[in-house]
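Data first, discussion second: the structure below is written as structure tokens.
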Amino acid sequence: MNYAIKTLRDYVVQRYFNDAKTFYLLVDTRYRVIAWEGPGDHYGLDGLNSGDDLGEKLPFLTGLDQDTQPFTRLEFVETPSGAAAHLQIAYLKSGWGMVFMNATQEREDLQRHHQKVNERTLSCLKQESLLHEAQRSQRILQERVDELKQTNRSCTGFVEQIAHELRTPLMSLLDSAKQARAIGLAVCEQESLHQHLRSVDRGSNYLITLVDNLLDQSRIEKGQLYMNPGVWHLQEILECLDEIFRPVVGTREISLSWWVDAGVPEILHMDGMRLRQILFNLIGNAVKYTIEGSITVGVEWKDNRLSFSVADTGVGMDKATLEKLFQPFRQGPGNGNARLGAGLGLFISREIAHAMGGALEISSRLSQGTQASFHVEAPPRLSRTEGRTAGQPDSCILIRDDDESIFF
Amino acid sequence: MTMLARKICMIGDFAVGKTSLIARYAHNQFSEKYQASIGVKIDTKELRLASGDAVKLVLWDIAGTDELNSVGQNYLKGAAGYILVVDGTRLATFGTAISLQKEVERRLGPTPFTLILNKLDLSNQWALNADAVQALQARGWQLTHCSAKKGNGVEQAFQLLGERMVIGVRP
Ligand SMILES: Nc1nc2c(ncn2[C@@H]2O[C@H](COP(=O)(O)OP(=O)(O)O)[C@@H](O)[C@H]2O)c(=O)[nH]1
Ligand SMILES: [Mg+2]
């Protein structure tokens, strides 16, 4: 015999049919035993006597008399003993003839198979519904985010509008204070008047910086922080900053030094105002958080890239503070000095560095100082005549005060 | 005199709770563990009708599939009624029940049936929309919300079908 056929025969016949336990049973139309033969005990049908009522034990016959076909085959019927049987049922004139064939092993194998398949299907369905659930949550979240963005946009618009409206009266206030001071200086020696005027001056300066920061912040949010590049003498920018900060550090035990690499071109094409704004912010911070020691500004230039480092020996900050440093409206260390708007400075500086084709980063260690580094794209220019930008000022107007207290 | 006996088949997709509904109804039991059914298992339960008469329900728990093959069809022979079972947390089982109903009716002719929306206890995962359910009710289908796990609705559903089957059978 062919080996494969033999295997098949051995497997199927041995597993399912060798143990057929065929049992024959005849009952009358009212389910009373007429005759039987075979291992009835296997099906829970043992100890039979002629005339026994099997109505309870053969419930599958219920309703079959309605059927018009003479034979019915029922597979995998559970019998009173719990064994499974394939049943061949004949509807005879005198009643019912039944042949039971053992299907217990077959049912067990099939059961195992279906169990596996069905469980797998159910778990796939479960996963699918979890996925749907997750997608639904995500949609809801997205809607919420969109709503918040919308709210944020209208807030930004509102802040921007207010900032614009504040700026003009503030500027004229500042201007008036300056004039009053100039006149007062000439005609009046009274120190208290000067002090009052100085504090008006100081206050309006602070407010203008704040308003300008808010305006920058809303430009950034709207993606409208545009650069205005022109031709600039770097030296002039640095001198202007030195002029601003020199008197401030002069009152304390701080040295402010500039290290400009010899390779830095004299004239560069960039937005000098914005560059000055970054440096002003960084040096301002260094001054603010350094009580004694040094502040060193280093400048290098290579491959059209102008790099700065502003290092101080100040209070420094821990990792947690460092991580939150670039969030708008967050303050650096020393919350006692916290002022709204000042917290925007670093965030705006970094955005400006990005907009100028560069990057800005800050490293710091508590009690050891802070180092801010950034670079911007700045190709060299031979002379200023190549194009002078209309908005470029002649003098140092970035900061309108010589009072150190704005840094505190 | 022997009691009137009526055969009822449980029809529906796999794992909708056919076996569990019978276990709850006939034995007041429930198991969380899923055990795939093979072939058929028959239980009986005596039902007292509103008229006061008793009827023996012969409950056929038929292994669930989404269609009836020729072997499956034999299980239906002589059924006086059937229960379509839907798993309320699986929308697809609703469609299966509707298509199975057509097949069963083609096989048996017009026969009393009722539909069980099972797993009511899992209402937070409920997948059936009310419109689909109402559309069936509009077609005259009897629907019962049940939980084989908690037991609610089960007795009523069988009672409902029992009454329907016997009407017209007895004077
Ligand atoms: N939560 C809950 N689970 C149920 C309910 N009915 C059945 N189940 C579970 O659903 C699975 C399938 O039930 P089963 O009766 O075997 O379904 P069948 O394949 O239609 O016979 C099992 O794990 C049951 O425990 C119910 O009403 N509520
Ligand atoms: Mg089952």
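The values are calculated or read from the model by the stated rules, or taken from the named source; none is laboratory data. Source: prediction; values computed, not measured. Glycine gets a Cβ as well: all are built from the backbone with ideal geometry, and neighbour counts include every protein chain shown. In case anyone asks, the SASA skips ligands and DNA or RNA and just uses the protein heavy atoms, side chains included. Shrake-Rupley method; radii C 1.70, N 1.55, O 1.52, S 1.80 Å.
Some points to look at:
- The residue among A:VAL211, A:SER154, A:LEU141 whose Cα reaches farthest toward the positive pole of the charge dipole of region A:110-220, with charges on the beta-carbon of Lys, Arg, Asp and Glu, is A:LEU141.
- Point-to-point label distance, A:SER50-B:GLN137, nm (Cα→Cβ direction, 7 Å offset): 6.0 nm
- Dipole check for region A:3-102: with +1 at the C-beta of Lys and Arg, -1 at the C-beta of Asp and Glu, and the Cα centre as origin, the magnitude is about 380 Debye.
- Where both bridge residues fall in the protein assembly as shown, DSSP classifies roughly 65% of the beta bridges as antiparallel.
- Diffusion coefficient (Stokes-Einstein, Kirkwood radius over C-alpha pairs, 25 °C, 0.890 mPa s) for chain B: 153 µm²/s, rounded to a whole number.
- Each Lys and Arg adds +1 at its Cβ and each Asp and Glu adds -1 at its Cβ; summed about the Cα centre, chain A shows a dipole of about 380 debye.
- For the residues A:HIS269, A:HIS86, a 1.4 Å probe over the protein chains yields an accessible-area ranking, largest first, of A:HIS269, A:HIS86.
- Global form of region A:221-274, assessed from the alpha-carbon gyration tensor, a/c cut-off 1.5: oblate
- Relative intensity of region A:92-136 on a log10 scale, I(q)/I(0) at q = 0.29 Å⁻¹, equals -0.95, per a Debye sum over C-alpha point scatterers of equal strength in the absence of solvent.
- Between A:PHE76 and A:ALA85, A:HIS86, A:LEU87, the built amide H atoms are under 5 Å apart, and every one of these is 5 or more places off in sequence or on another chain.
- Over the C-alpha trace of region A:196-315, radius of gyration and Dmax come out as 15.9, 50 angstrom.
- Pairs of Cα atoms nearer than 8 Å and 6+ residues apart set the relative contact order; for chain B it is 26 percent.
- For the residues A:LEU130, A:LEU48, a 1.4 Å probe over the protein chains yields an accessible-area ranking, largest first, of A:LEU130, A:LEU48.
- Once backbone amide H atoms are built at 1.01 Å from N, B:ALA15 has B:GLY64 as its partners under 5 Å, excluding neighbours fewer than 5 places away on the same chain.
- Every Cα-Cα pair in region B:1-86 was counted, and those over 19 Å apart are 39% of them.
- The residues of chain B present an accessible area of 45 Å² per residue when probed at 1.4 Å with all protein chains retained.
- FRET E, pair A:HIS196, A:THR321, Förster distance 45 Å, beta-carbon r, rounded to 0.05: 0.75
- Remark: C-alpha extents of chain A on the principal axes read 140, 52, 44 Å, sorted largest to smallest.
- Label zone at A:CYS155 (point 7 Å along Cα-to-Cβ), backbone N below 17 Å, region A:199-232: A:214-223
- Test item: B:76-83 mean partner chain Cβ contacts at 10 Å: 3
- Per-residue accessible area (protein heavy atoms, 1.4 Å probe) orders A:LYS57, B:LYS119 as A:LYS57, B:LYS119, starting from the largest.
- A:MET171 accessible area, 1.4 Å probe, all protein chains in place, Å² to nearest 10: 70 Å²
- Amide H contacts under 5 Å for B:ARG6, placed H, 5+ residues apart: B:LYS56, B:LEU57, B:VAL58
- The length gained on full extension between B:GLN35 and B:ALA54, counted as 0.36 nm times the residue separation minus their Cα-Cα distance, comes to 3.7 nm.
- Rg and Dmax [Cα atoms of region A:110-220; Å; Rg one decimal, Dmax integer]: 32.2, 111
- Checked against a 28 Å cut-off, the cross-linked pairs A:LYS222/A:LYS319; A:LYS57/B:LYS77; A:LYS93/B:LYS102 give Cα-Cα distances beyond that limit for A:LYS222/A:LYS319; A:LYS93/B:LYS102.
- Accessible area expressed per residue, chain A, with surrounding protein chains retained (probe 1.4 Å, Å²): 56 Å²
- Per-residue mean of C-beta atoms belonging to partner chains within 10 Å, peptide A:57-68: 5
- For chain A, the relative contact order is 12 percent, taking Cα pairs closer than 8 Å that sit 6 or more residues apart in sequence and dividing their mean separation by the residue count.
- Burial order of peptide ranges A:227-235, A:172-180, A:144-152 (average beta-carbon count within 10 Å, highest first): A:227-235, A:172-180, A:144-152
- Between A:ASN118, A:ASN304, A:ASN205, the GNM of chain A built on Cα springs shorter than 10 angstrom shows A:ASN118 fluctuating the most.
- Per-residue mean of C-beta atoms belonging to partner chains within 10 Å, peptide B:31-39: 6
- Gain upon complete extension [A:ALA35, A:ARG305; 0.36 nm per residue less C-alpha separation]: 86.5 nm
- Chain pair A, B: total accessible area buried, heavy atoms, 1.4 Å probe, Å²: 2200 Å²
- As a calculated quantity, the FRET efficiency between A:VAL260 and A:HIS132 at R0 = 51 Å, using C-beta atoms, amounts to about 0.25.
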